[in-house]
Each structure stands twice: as structure tokens, then as C-alpha cells.
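The values are calculated or read from the model by the stated rules, or taken from the named source; none is laboratory data. Everything quoted here is computed from the prediction, not taken from an experiment. No Cβ is skipped: glycine too gets one built from the backbone with ideal geometry, and neighbour counts run over all protein chains shown. We work out accessible area using only protein heavy atoms, side chains counted, and drop any ligands, DNA or RNA first. Shrake-Rupley method; radii C 1.70, N 1.55, O 1.52, S 1.80 Å.
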Amino acid sequence: MKTNSPVERLYNGIIKENPTFVMMIGMCPTLAVTTSATNGIGMGLTTLVILTLSNMMISLLRKMIPDGVRMPAYIGVVASFVTIVQLLLEGYIPELYDALGIYIPLIVVNCIILGRAEAFAGKNKVIPSIFDGLGMGIGFTIGLTSIGAVRELIGAGQLFGFQILPASYEPVTIFIMAPGAFLVLALLVAVQNYVKNKKAAKGQPVQQSSCGQGCGSCGNTVCGGKKL
Amino acid sequence: MRELLMIAIGSAIVNNVVLSQFLGLCPFLGVSKKINTAAGMGGAVIFVLTISSLITSLIYKFVLVATGTEYLQTIVFILVIAALVQLVEMFMKKVLPPLYQALGVYLPLITTNCAVLGVAITNVQENYSILEGVVNGFATAVGFTIAIVLMAGLREKMEYNDVPKAFQGMPIVLLTAMLMSIAFTGFAGII
């Protein structure tokens with residue numbers, strides 16, 4: 001696939017560098033809002049819209065933003081789009097607005113958005129940047145929805161609010177409470193490690209996850225190097 | 001006074017910022033390998049969060065509400081917090097070198113700590129007065145410090161444990177966080 005073609009960018013975001021399953025960034029919203037598949041899809045799509053718009057805007061402005069103040073400028077752009085989307089949600093989809101609550105304004109500090117601005121949109125043309133945002137956003141939505149679906153199914157016996165498991169099933173409520181989020185994520189990373197170890201044992205090259213330390217390393221690379 | 005105490009206990013223990021609200025997970029997972037560094041991070045967060053709650057409450061009450069531009073809160077808060085962290089860093093370096101030596105390295109990491117923005121927005125959503133906002137900020141940071149220091153203590157012990165290969169590193173830390181989180185849900189009845 002040609003580098004930076006729309007298809008390559010979508011593939012990159014959804015499969016190769018999936019923000020949830022491969023890169024493991026943006027973990028705060030991932031854990032906080034995935035109490036149900038509906039919330040997961042809502043948060044994923046909200047982030048998708050903001051990510052695509054901010055990637056587009058930052059790519060358009062990339063020659064105008066001086067290098068020394070790029071981080072505050074990016075934060076300004078992202079915060080503006082977050083505010084716009086927040087007001088739209090409050091007006092048109094109040095149920096989702098109530099369900100996501102404080103995590104909507106907190107999209108501003110989501111590592112994925114500033115990370116893509118820094119790593120891609122600030123250096124590339126507009127069309128690839130838009131598709132980069134779309135790909136990453138779809139990848140994030142898939143991640144959140146599937147984690148939400150697992151937690152909702154085990155924790156409430158439901159999927160998207162519909163009863164799936166028979167009424168005799170006793171829901172494991174802890175899965176939709178805070179500890180369940182840590183448990184699901186721990187198992188997810190363990191599976192990922194297992195696959196990596198298998199690959200390494202066979203002598204295949206292992207793709208190094210950029211965020212082995214959760215998003216701790218993200219603080220160092222993306223936002224810690226902030227210059228004001 | 002009773003109100004303030006309720007807010008303090010509520011944000012420090014019952015609704016612990018890391019273990020039940022998932023804010024500030026990045027430093028919680030990233031800087032919790034040693035008790036010393038964890039305590040340093042906790043100290044820096046207490047310092048910044050208390051000041052930032054004060055400043056953001058003041059700005060909200062006297063600038064945003066007064067000019068009718070409450071909808072700009074997200075933009076204003078994040079830029080104020082970013083600038084504030086830089087100022088605190090410069091101020092400490094000049095005036096309090098010993099404190100800077102102890103906390104300096106953690107300060108730049110704090111801007112990315114979503115707990116700081118989270119508390120500023122919670123203060124607005126809950127309609128806290130300025131004093132209540134500051135107490136909420138301080139207590140939230142204390143809760144963060146409790147969680148990260150406990151986690152660091154457990155991780156120092158876990159160094160010597162025989163963890164299955166696939167669970168080494170992040171997974172076992174997350175499982176520990178799960179158990180801590182279950183323990184903290186036990187406080188839910190206090191208030």
C-alpha cells in the first residue's frame with residue numbers, strides 16, 4: 001500500500017496502530033466510560049469527530065504555527081473543537097451528554113488527539129491527516145465498543161441495552177463497576193503480552209508497543225516536552 | 001465546616017480520583033515503581049492541584065461568569081493549567097530550590113494529568129464555592145497520593161514475586177489496582 005494514501009491511513013489506525021489494543025493510549029476514557037457498549041460507541045464517535053476535525057485544522061495551520069509554541073496552539077485547537085462538540089451533544093443528544101459527563105471535556109487531554117497532532121497532522125498534508133484521524137477514531141471506537149460490550153454482557157447480561165443472556169443468568173455486577181475496568185484491561189494486556197512472547201520465542205520481529213508503560217511514556221513524549 | 005469535611009472525605013477516599021474515577025491513571029501507572037518517587041509525585045500533585053483549583057475557581061467566578069462566557073471553560077481552564085504549571089516550576093526554581101529539587105522533575109508531567117482539569121470542571125459542575133473548590137482540589141490530590149504510594153509499596157514487594165510471564169509488567173499492576181479498587185468501594189457507605 002502506498003504510504004499516506006487514504007486506505008493505508010485507515011488500515012494503520014484500525015489495525016496496525018490501533019490506539020486501544022496496540023498502542024494502549026487514551027486509557028482514562030477507555031476505562032471510565034466502557035460500562036456499556038452504548039457508552040463505548042458514544043465516546044468513540046465523539047472522539048472520532050474531534051480527532052478528525054483537529055487533525056484537519058492542525059494540518060491546515062501547520063505552516064503558520066511556530067515550532068516553539070506548537071503544543072499550546074494544538075491544545076487551543078483541540079479545546080475549541082471539544083467545546084463545540086460538547087455544546088452540540090448537550091443540545092441534541094442529552095442522554096449521551098449525561099452518560100459521559102465529565103469525560104467529554106476531558107477529551108482535551110486525551111493522549112490520542114495530541115499524539116496524532118504531534119506525530120502526524122503537524123507534518124503532513126490535509127487529506128492524509130483527515131484519513132489518519134478517521135482511521136484512529138474508528139480504531140478507538142472499535143476498541144471502546146468491544147470492551148464495553150464484554151463488560152456489559154458479563155456485568156449486566158445485556159448488549160446495547162437489550163437483554164441477551166437468559167434471566168436465570170446472575171450478572172457479575174463488579175464488571176460494570178470500577179474494578180471491572182481494571183480487570184478487563186489487565187486481561188487484555190496479558191493476552192497481548194502472551195502473543196508477543198510467542199512471536200519472540202519463534203524469532204519473529206516483535207513490534208514494540210510505543211506505550212509499554214501505559215500512557216506514562218506518553219507524558220514524556222507528547223505533553224511533557226511542552227514548550228510555552 | 002461539616003460540609004467541607006464531607007467534601008474532603010468524599011473526594012479523598014470514597015470517590016478516589018484514581019481508583020473510582022480513572023483520572024490521573026497515567027502517572028499512577030507510570031511513576032509508581034518506587035515509594036520515594038511516588039511520594040514525590042503525590043507531593044507535586046497536591047501542590048499544583050490546590051493552587052490550580054483556587055485559580056480556576058477565581059477565574060470562573062470573576063471572569064467567565066462576569067462576562068457571560070461560561071461555555072469557554074474548557075479552553076480557558078486547560079490553558080490556565082498549562083501556564084500555571086510552568087509558572088509554578090519557574091517560581092519554585094528561584095524561590096524554593098530544595099522543594100524544586102524534590103518535586104521539579106514531576107511538574108511537567110502534571111499538565112497531562114487529567115485529574116487537574118477534571119477537578120477544575122467538577123468544581124464548576126458541583127457549584128462549589130471558592131473555599132469548597134480548594135478543599136475539593138486538595139482532598140482529591142491527597143486521595144491520589146494515598147493511591148499512588150500504596151501502589152508503589154505493593155509494587156516494591158511484587159519485584160520479588162514469581163509472576164506468570166504474560167502477566168509481568170502492566171497486567172499485574174492493573175490487577176493490583178483492581179483489588180485496591182474493590183477495597184476502596186468498601187468506603188462507599190461512609191457518606
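As a summary of the residue check, B:THR185 satisfies the conditions (1) within 8 Å of chain A (Cβ to nearest Cβ); (2) buried (at least 18 other Cβ atoms within 10 Å of the Cβ) except for the one numbered (2). When B:SER53 is tested against the conditions (1) within 14 Å of chain A (Cβ to nearest Cβ); (2) surrounded by 20 or more Cβ atoms within 10 Å (Cβ to Cβ); (3) in contact (Cβ under 8 Å) with a residue 40 or more places away in the chain, the lone failure is (1).
Restricting attention to segment A:57-67 and to residues that are open to solvent by less than 40 Å² (accessible area, probe 1.4 Å) and assigned to a helix (DSSP H, G or I), the residue that is nearest to the other protein chains (Cβ to nearest Cβ) turns out to be A:ILE58.
So is A:THR47 of a type in the set (Ser, Thr, Tyr), closer than 12 Å to A:ASN110 by Cβ, at pLDDT 90 or above and open to solvent by less than 20 Å² (accessible area, probe 1.4 Å) or not? So that I can check it myself, show each step before the final result.
Details: of a type in the set (Ser, Thr, Tyr): yes; closer than 12 Å to A:ASN110 by Cβ: yes; at pLDDT 90 or above: yes; open to solvent by less than 20 Å² (accessible area, probe 1.4 Å): yes.
Spelling it out, A:THR47 is indeed of a type in the set (Ser, Thr, Tyr), closer than 12 Å to A:ASN110 by Cβ, at pLDDT 90 or above and open to solvent by less than 20 Å² (accessible area, probe 1.4 Å).
Determine whether A:ILE154 is open to solvent by 50 Å² or more (accessible area, probe 1.4 Å), without any contact (Cβ under 8 Å) to a residue 40 or more places away in the chain, in a helix (DSSP H, G or I) and within 13 Å of chain B (Cβ to nearest Cβ). No, not satisfied. Of the helices (runs of 4 or more DSSP H) contained entirely in segment B:46-142, those carrying at least 1 residues that are β-branched (Val, Ile, Thr) fall at B:73-95, B:107-110, B:114-125. I want to confirm something. Restricting to segment B:103-121 and keeping residues that are within 7 Å of chain A (Cβ to nearest Cβ) and under 13 Å from the mean Cα position of the chain (by Cα), which single residue is surrounded by the fewest Cβ atoms within 10 Å (Cβ to Cβ)? Checked segment B:103-121; the qualifying residue surrounded by the fewest Cβ atoms within 10 Å (Cβ to Cβ) is B:LEU109. Taking the condition of being at pLDDT 90 or above and open to solvent by less than 30 Å² (accessible area, probe 1.4 Å), how many residues in segment B:135-164 meet it? Number satisfying all stated conditions: 14. When segment B:135-173 is filtered for residues that are free of Cβ contacts under 8 Å to residues at least 12 places away in the same chain and either closer than 23 Å to B:VAL48 by Cβ or within 9 Å of chain A (Cβ to nearest Cβ) (or both), the ones remaining, listed by number, are B:PRO164, B:LYS165, B:ALA166, B:PHE167, B:GLN168, B:GLY169, B:PRO171.
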